[in-house]
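Undergrad: Submitted below is the structure of interest, expressed as structure tokens.
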4 protein chains.
Amino acid sequence: MGFTATLRPGLIQLRVLDLDKTLDCYKNIVGLDEVGRTSDGRVLLKCYDEFDHHSVVLRKASEAGLDYVAFKVADAKTLEDIKAKTEKFGYKVTELKANDEQPGFGKRYAFTICTGHQLQIYSDVELAKKFPPIKNPDIWHEQPRGMRATRLDHFLLYGPGIDEAERFMKEVFDMYVPEVCNTPDGKRLAAWITGSNKAHDLAFVEYPKPGKMHHFAFFLETWQDVLNAADLIAINHLKLDIGPTRHAITRGTTIYFWEPSGNRIETYCGGYTAYPDNPQRVWDADQLGRGLFYFSGEMIPSFLEVVT
Amino acid sequence: MGFTATLRPGLIQLRVLDLDKTLDCYKNIVGLDEVGRTSDGRVLLKCYDEFDHHSVVLRKASEAGLDYVAFKVADAKTLEDIKAKTEKFGYKVTELKANDEQPGFGKRYAFTICTGHQLQIYSDVELAKKFPPIKNPDIWHEQPRGMRATRLDHFLLYGPGIDEAERFMKEVFDMYVPEVCNTPDGKRLAAWITGSNKAHDLAFVEYPKPGKMHHFAFFLETWQDVLNAADLIAINHLKLDIGPTRHAITRGTTIYFWEPSGNRIETYCGGYTAYPDNPQRVWDADQLGRGLFYFSGEMIPSFLEVVT
Amino acid sequence: MGFTATLRPGLIQLRVLDLDKTLDCYKNIVGLDEVGRTSDGRVLLKCYDEFDHHSVVLRKASEAGLDYVAFKVADAKTLEDIKAKTEKFGYKVTELKANDEQPGFGKRYAFTICTGHQLQIYSDVELAKKFPPIKNPDIWHEQPRGMRATRLDHFLLYGPGIDEAERFMKEVFDMYVPEVCNTPDGKRLAAWITGSNKAHDLAFVEYPKPGKMHHFAFFLETWQDVLNAADLIAINHLKLDIGPTRHAITRGTTIYFWEPSGNRIETYCGGYTAYPDNPQRVWDADQLGRGLFYFSGEMIPSFLEVVT
Amino acid sequence: MGFTATLRPGLIQLRVLDLDKTLDCYKNIVGLDEVGRTSDGRVLLKCYDEFDHHSVVLRKASEAGLDYVAFKVADAKTLEDIKAKTEKFGYKVTELKANDEQPGFGKRYAFTICTGHQLQIYSDVELAKKFPPIKNPDIWHEQPRGMRATRLDHFLLYGPGIDEAERFMKEVFDMYVPEVCNTPDGKRLAAWITGSNKAHDLAFVEYPKPGKMHHFAFFLETWQDVLNAADLIAINHLKLDIGPTRHAITRGTTIYFWEPSGNRIETYCGGYTAYPDNPQRVWDADQLGRGLFYFSGEMIPSFLEVVT
């Protein structure tokens, strides 16, 4: 099958403040489809180019932020293997039964890593009712709308002890680390981690408070779509953080903005095609501003200060 | 490491008629760098965004076409595993010693599959003298030139018995098959095969004559680069086959043209992000024209008739 | 005001066969807005980025083709001046009263030139109900849809005696001729003509039958939009003529396709910024295929044979 | 000829501090060609897509900034007409003889307007030795390099009394004003002015100090070229001011950066197609930040403070 272990981040559940207003942003500006609602009022969404049942869940709460992210793994055997390796690594694993809380999803395992984030894994999920064409397929069923987000792409998590988290992703999730940033005394400040050819499936930044989310990202196909996303941010009076710009790190082009509940969204495009045999790219901490915001070459305060 | 078995097609050796004229095309129009020459006069080339020693070799011969293609595999153990599985599959394997014929490359194994094509595998190759920046890395050392080809991307091979070849790629190379085309009686007419997130690392079309190459492809970053490549084809009076257009199959945008020796080159861009758990896309033979040349919807005769 | 005489082609009335099906194409695929209908059943349309009342009119008829094209001129005085110069040039001019047949339009003058085409001129037209934002303006009111046609751009007319037609456009409409194609004996085969910085407002090709339209064109903003237009042609099973490609003539990128009634539409993008002091570009007839279809370098038969 | 009076801004002479370093930027990063040098050491440059002898002149001086900008007018008669109208308007006009100081240029008239800027006009200039192809023309002679600047596009001038300057451009240069920004008490704060379809040939911002230049702009063909320009700014460690972003005003996409001598360059792309009959777009002063920097919606201090 070409891949082992984790395939991709496939599900994110977010806490939002004003469900209607935030949902309107995801549906009508970002361009996601509403798939359904749960009995407890959560809204299930997906991107037009995703096959699985849903990928984004909005839960009304008093504080914005991340409930958890879940990774799809290769198959049922891999699921059990990773569960066992996770327990051996030292994290307590909880089983979530099929269709329990996430309609369409099979059994999931949940655990909290040292950075304070809950991760989940699953191998089985129903196909969405409306997935990309597969029989003499057109390139889409309907012209993508809004920002034309194609898929959930990656996450950036802030928390303490990312050395351990990075080791966990390598040893247990069988991922690799195409790019890192180190402090002058050689400690890890940030790591970009992937299980595939994508430049990153997730990233960590060392941060004293546990369980924080810097952003999560949707993938856009082209730099023209990045411009279109920025136009929609302006027209809809969303709050821009930064962009359009390029990350030297991963080489992707990007915009960061805040959806109405204050969760930071990235609309990310491009990025190099990563391979585990390529040399690791290494950044010095004093160059991190340039690594993140290549054109100005300077760190922006909001990058380090504003998280949910 | 996220990947098992084959990482990617990493090397192609081509037969060319007029070495100087053809080399000029690869260097000054396609935009490759000359890495060196062998004692027997072959020219070693690479794309600006590749790390390994070289990826394209031109050998002067009386007939254009493909000598062989070689796949990089994950590591030395994988190399031996695939070698053993290849022999068990029934193909005779020959060992090629390190630096023997391909400077910078470690031990390779060569074998010929049912379609008449020689494939090779290797796990070890030196880094190129000039590879992409990795220390506080800029996005490139020098502004890419010509068609701005970023890497060797994939091959399309014509030959008999592609059912077996497809099975070989799955069982021995641990690849998967995102897209296929079948005849009305259910036989395989074509298969697009990958070991990673790329929509295809190689493809086969059923064809009575063995060992033929339809094209090999370089990857371009953007649809704007596809336009630029077409402009360079026009200005340099190269012979266009078709494009710019889109393949519905893989969804990539594309141009086919012939370099001066008559080998068909594709400049390919985009393509969906493939995953082994996504449903396979299936084409009927009578829709293959639309699958290949989405905008006109019609097969062009040269696609089926002209190979080297 | 910077411009004299003619500002731009501002109105085209087309004959269509199946009004509903053709209207659906213009509205939902090309992306025009329906502005209204006349008492005799004609449909008035406009592009999202146009200010004037309407620019495209569909009239149900038994044969597809062009009723007339109309140019907006600088002001009322210019209108009378051009009318007088037209009569002096030798063409009989008819006055069409305000709001007579074209709602929102002021007085028009109509006349038929040597090539058999009816042209009209007007200086006064109401603003559309929905025109681009002008007060602290956003870049659009609503995200453009379908092919995202921004405006009516130009026409290509086939007919006899284009030497005279070219002279008329220069002497009476005060236009200039950035690019021409001549036969080996120095006769005009084609001329591209403009009154502004646009590479062409209209063009003529010498042709024995009078009054024929080769195509009319909508302007697209980007090469990415050209790809999007081609995708929509494929998905909606419209009949492609050629493209995406580039015209060396005018340098624009382009697609030709036929709407359901058989009128050929061009979705045109780019083109150089023309100035009357730049040297005229000149094509030899035997290079016209390359001038029109730069990438293949070859004339396609439909270009010379299929007109409405 | 379609145009009256002024055709375009065709020449700018800049003061630079370090001639070699600054010249290197214009040639090897922006992508201009060096046309020649004058006996007093000034360097003459042009963009690859310009026909006239040269368009940018660098003069070594102790302070960066603008010597003057010159507009090409339609013909010799127009030149004398505008000269006479300028004198009647109240500005003293000086005649500069042909080839005097600007090789290849015919007679120029120079005068200083109320804002303290020297403007010049001319109707006659030699063609460059290397101008765009015109006989069965390819789209360029050589693949554009660096930022791929196609032409000198426009200027933004800061000075006092822009009401009068705007009136001068309309009455004497026969230009029109597609877009303005007014203070709450109805005074002009800024005006964007053009003599053609370009969204602006020049602009003024009201400012207490006379004769200041905010920036001058080169035109880029695509948003992809804007990204490329930003990449080159980063790689060459030039100082970015802002961008890539969009101006809501003119709708162009843009980057501002400083060349090594401290003159601000804009690499500008797009912009609407302006016509004198379209309604004027009007901005309130408190929305100017949004008008200039559409995505953040906020004024940046350097826009109002840093001029040369």
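The values are calculated or read from the model by the stated rules, or taken from the named source; none is laboratory data. As the structure is a prediction and not an experimental result, all values here were calculated from the model. Glycine also receives a Cβ, built like all others from the backbone with ideal geometry; neighbour counts cover every protein chain displayed.
Undergrad: Are there any pairs, at least 6 apart or on different chains, whose C-beta atoms fall under 9 Å, with the first in the stretch A:79-102 and over 14 Å from A:ASP174 (Cβ atoms) and the second acidic (Asp, Glu), and if so, which?
TA: Taking only residues 6 or more apart or on different chains, the pairs are A:VAL93/A:GLU87; A:ALA98/A:ASP124; A:GLU101/A:ASP40.
Undergrad: If you don't mind, another one. Please verify whether C:LEU45 is under 18 Å from the mean Cα position of the chain (by Cα), under 30 Å from C:HIS141 (Cβ atoms), hydrophobic (A, V, I, L, M, F, W, C) and not in a helix (DSSP H, G or I), treating the condition exactly as stated. Quick ask: steps written out before the conclusion?
TA: Details: under 18 Å from the mean Cα position of the chain (by Cα): yes; under 30 Å from C:HIS141 (Cβ atoms): yes; hydrophobic (A, V, I, L, M, F, W, C): yes; not in a helix (DSSP H, G or I): yes.
Yes; evaluated as a whole, the condition is true for this residue.
Undergrad: Against the conditions (1) touching a residue at least 60 places away in the same chain (Cβ under 8 Å); (2) under 23 Å from B:LYS170 (Cα atoms); (3) not basic (Lys, Arg), where does B:ILE193 fall short? Just the number, please.
TA: Answer for B:ILE193: the failing condition is (1).
Undergrad: Which one is farthest from the other protein chains (Cβ to nearest Cβ), of the residues in the stretch C:236-253 that are more than 23 Å from D:ASN136 (Cα to Cα) and hydrophobic (A, V, I, L, M, F, W, C)? Let's see the steps before the verdict.
TA: The first filter runs over the stretch C:236-253 and keeps only residues more than 23 Å from D:ASN136 (Cα to Cα), leaving C:236-241.
Next, only the ones that are hydrophobic (A, V, I, L, M, F, W, C) stay: C:238, C:240.
Working: C:LEU238: 10, C:LEU240: 5 Å.
Per the criteria, the residue is C:LEU238.
Undergrad: If you check A:GLU206 against the conditions, is it surrounded by fewer than 21 Cβ atoms within 10 Å (Cβ to Cβ) and either more than 16 Å from the chain's Cα centre (by Cα) or not charged (D, E, K, R) (or both)? Talk me through it step by step, then tell me what you get.
TA: Working: surrounded by fewer than 21 Cβ atoms within 10 Å (Cβ to Cβ): yes; either more than 16 Å from the chain's Cα centre (by Cα) or not charged (D, E, K, R) (or both): yes.
When the stated conditions are applied, A:GLU206 passes them.
Undergrad: Within the stretch D:10-26, is there a residue that is surrounded by 17 or more Cβ atoms within 10 Å (Cβ to Cβ), assigned to a loop (DSSP other than H, G, I, E, B) and in contact (Cβ under 8 Å) with a residue 12 or more places away in the chain?
TA: no
Undergrad: In this structure, is B:ASP185 of a type in the set (Asp, Glu) and in a helix (DSSP H, G or I)? Working first, answer last.
TA: Values: of a type in the set (Asp, Glu): yes; in a helix (DSSP H, G or I): no.
For B:ASP185, the condition - of a type in the set (Asp, Glu) and in a helix (DSSP H, G or I) - is not met.
Undergrad: C:TRP192 versus (1) part of a helix (DSSP H, G or I); (2) within 27 Å of D:ALA5 (Cα to Cα); (3) of a type outside the set (S, T, N, Q); (4) more than 10 Å from chain D (Cβ to nearest Cβ): which is the lone unmet condition?
TA: In the conditions (1) part of a helix (DSSP H, G or I); (2) within 27 Å of D:ALA5 (Cα to Cα); (3) of a type outside the set (S, T, N, Q); (4) more than 10 Å from chain D (Cβ to nearest Cβ), C:TRP192 misses (1) alone.
Undergrad: Here's another thing I want to ask about it. Residues in the stretch C:126-142 that are crowded, with 18+ Cβ neighbours inside 10 Å and of a type in the set (S, T, N, Q): how many?
TA: 0
Undergrad: Within the stretch B:185-196, identify whether any single residue is under 23 Å from A:GLY271 (Cβ atoms) and at pLDDT below 95, and answer yes or no.
TA: So far as the stretch B:185-196 goes, yes, one or more of its residues are under 23 Å from A:GLY271 (Cβ atoms) and at pLDDT below 95.
Undergrad: Can you tell me which residue within the stretch B:108-125, out of those that are assigned to a loop (DSSP other than H, G, I, E, B) and among the polar types (S, T, N, Q), is surrounded by the most Cβ atoms within 10 Å (Cβ to Cβ)? First the steps, then the outcome.
TA: Our first condition is that a residue be assigned to a loop (DSSP other than H, G, I, E, B); within the stretch B:108-125, this holds for B:113-117, B:123-124.
Now restrict to residues that are among the polar types (S, T, N, Q): B:115, B:123.
Working: B:THR115: 24, B:SER123: 22.
My answer is B:THR115.
Undergrad: Also, I was wondering about something else. Would you say D:GLY146 is surrounded by fewer than 24 Cβ atoms within 10 Å (Cβ to Cβ) and at pLDDT 95 or above?
TA: Against the criterion (surrounded by fewer than 24 Cβ atoms within 10 Å (Cβ to Cβ) and at pLDDT 95 or above), D:GLY146 qualifies.
Undergrad: Which one of these is within 12 Å of chain C (Cβ to nearest Cβ), in contact (Cβ under 8 Å) with a residue 12 or more places away in the chain and part of a strand (DSSP E or B): D:VAL180, D:VAL205, D:VAL226?
TA: Among D:VAL180, D:VAL205, D:VAL226, only D:VAL180 is within 12 Å of chain C (Cβ to nearest Cβ), in contact (Cβ under 8 Å) with a residue 12 or more places away in the chain and part of a strand (DSSP E or B).
Undergrad: Within the group A:GLU166, A:GLU95, which residue is touching a Phe, Trp or Tyr at 6+ places or on another chain (Cβ under 7 Å), surrounded by fewer than 22 Cβ atoms within 10 Å (Cβ to Cβ) and assigned by TED's automatic domain parsing to the domain that holds A:PRO276?
TA: Details: A:GLU95 fails: assigned by TED's automatic domain parsing to the domain that holds A:PRO276.
None of the other options fit; the residue is A:GLU166.
Undergrad: Do you know which residues across the stretch A:117-155 are under 30 Å from C:ILE29 (Cα atoms), touching a residue at least 24 places away in the same chain (Cβ under 8 Å) and of a type in the set (Val, Ile, Thr)?
TA: A:THR150
Undergrad: Of the conditions (1) under 15 Å from the mean Cα position of the chain (by Cα); (2) assigned to a strand (DSSP E or B); (3) of a type outside the set (Asp, Glu), C:HIS200 fails just one. Which one is it?
TA: (2)
Undergrad: Moving on to the next point. With respect to C:ILE265, determine if the residue is surrounded by fewer than 20 Cβ atoms within 10 Å (Cβ to Cβ), assigned to a strand (DSSP E or B) and touching a residue at least 40 places away in the same chain (Cβ under 8 Å).
TA: Working: surrounded by fewer than 20 Cβ atoms within 10 Å (Cβ to Cβ): no; assigned to a strand (DSSP E or B): yes; touching a residue at least 40 places away in the same chain (Cβ under 8 Å): yes.
Here the answer is no, as C:ILE265 does not meet what is asked.
Undergrad: Could you say which residue among A:VAL69, A:VAL30, A:VAL16 is at pLDDT 95 or above and closer than 18 Å to A:ARG148 by Cα? Spell out how you get there, then give the answer.
TA: Numbers: A:VAL69 fails: closer than 18 Å to A:ARG148 by Cα; A:VAL16 fails: closer than 18 Å to A:ARG148 by Cα.
Going through A:VAL69, A:VAL30, A:VAL16 in turn, just one is at pLDDT 95 or above and closer than 18 Å to A:ARG148 by Cα: A:VAL30.
Undergrad: Out of all the residues in the stretch C:180-197, is one or more small (Gly, Ala, Ser), over 16 Å from C:THR112 (Cβ atoms) and more than 16 Å from the chain's Cα centre (by Cα)?
TA: Our first condition is that a residue be small (Gly, Ala, Ser); within the stretch C:180-197, this holds for C:186, C:190-191, C:195-196.
Next cut, over 16 Å from C:THR112 (Cβ atoms) only: C:186, C:190-191, C:195-196.
Right, trim to more than 16 Å from the chain's Cα centre (by Cα) and you get C:186.
Yes; the residues of the stretch C:180-197 include at least one that is small (Gly, Ala, Ser), over 16 Å from C:THR112 (Cβ atoms) and more than 16 Å from the chain's Cα centre (by Cα).
Yes/no matrix, rows are residues, columns are (1) crowded, with 24+ Cβ neighbours inside 10 Å; (2) among the aromatic types (Phe, Trp, Tyr); (3) not in a strand (DSSP E or B):
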site: C:HIS237; (1), (2), (3): no, no, yes
site: C:THR253; (1), (2), (3): yes, no, no
site: C:SER261; (1), (2), (3): no, no, yes
site: C:TYR272; (1), (2), (3): no, yes, yes
site: C:GLY289; (1), (2), (3): no, no, yes
site: C:LEU304; (1), (2), (3): no, no, yes
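Undergrad: Kindly establish whether B:HIS215 is out of contact with any Cys (no Cβ under 7 Å at 6 or more places or on another chain), assigned by TED's automatic domain parsing to the domain that holds B:THR273 and either within 30 Å of A:GLY195 (Cβ to Cβ) or touching a residue at least 24 places away in the same chain (Cβ under 8 Å) (or both).
TA: Numbers: out of contact with any Cys (no Cβ under 7 Å at 6 or more places or on another chain): yes; assigned by TED's automatic domain parsing to the domain that holds B:THR273: yes; either within 30 Å of A:GLY195 (Cβ to Cβ) or touching a residue at least 24 places away in the same chain (Cβ under 8 Å) (or both): yes.
Yes: the conditions hold for B:HIS215.
Undergrad: Can you name every residue in the stretch C:138-149 that is over 22 Å from the mean Cα position of the chain (by Cα) and more than 13 Å from A:ASN236 (Cα to Cα)? Give the steps one after another, and end with the answer.
TA: Our first condition is that a residue be over 22 Å from the mean Cα position of the chain (by Cα); within the stretch C:138-149, this holds for C:138-143.
Correct list: empty.
Undergrad: May I pose another question? So, of the residues in the stretch D:149-160 that are more than 10 Å from every other protein chain (Cβ to nearest Cβ) and part of a loop (DSSP other than H, G, I, E, B), which turns out to be surrounded by the most Cβ atoms within 10 Å (Cβ to Cβ)?
TA: Within the stretch D:149-160, the subset more than 10 Å from every other protein chain (Cβ to nearest Cβ) is D:149, D:152, D:154-160.
Checking the rest, the ones that are also part of a loop (DSSP other than H, G, I, E, B) come to D:149, D:160.
Working: D:ALA149: 30, D:PRO160: 17.
Looking at the filtered set, the residue picked out is D:ALA149.
Undergrad: Same structure, new question: Of all residues in the stretch B:254-308, how many are more than 14 Å from chain A (Cβ to nearest Cβ), closer than 18 Å to C:ILE235 by Cβ and polar (S, T, N, Q)?
TA: 1
Undergrad: What is the number of the single condition among (1) under 15 Å from B:ASP153 (Cα atoms); (2) touching a Gly at 6+ places or on another chain (Cβ under 7 Å); (3) buried (at least 24 other Cβ atoms within 10 Å of the Cβ) that B:ALA248 does not meet?
TA: (1)
Undergrad: Consider B:GLY291 carefully, then state whether it is over 19 Å from the mean Cα position of the chain (by Cα), among the small types (Gly, Ala, Ser) and modelled with pLDDT under 95.
TA: Here the answer is no, as B:GLY291 does not meet what is asked.
Undergrad: Still on this model: Which of the numbered conditions does C:HIS54 fail, given that it passes all the others? Conditions: (1) surrounded by fewer than 23 Cβ atoms within 10 Å (Cβ to Cβ); (2) in a loop (DSSP other than H, G, I, E, B); (3) not aliphatic (A, V, I, L, M).
TA: It is condition (1) that C:HIS54 fails.
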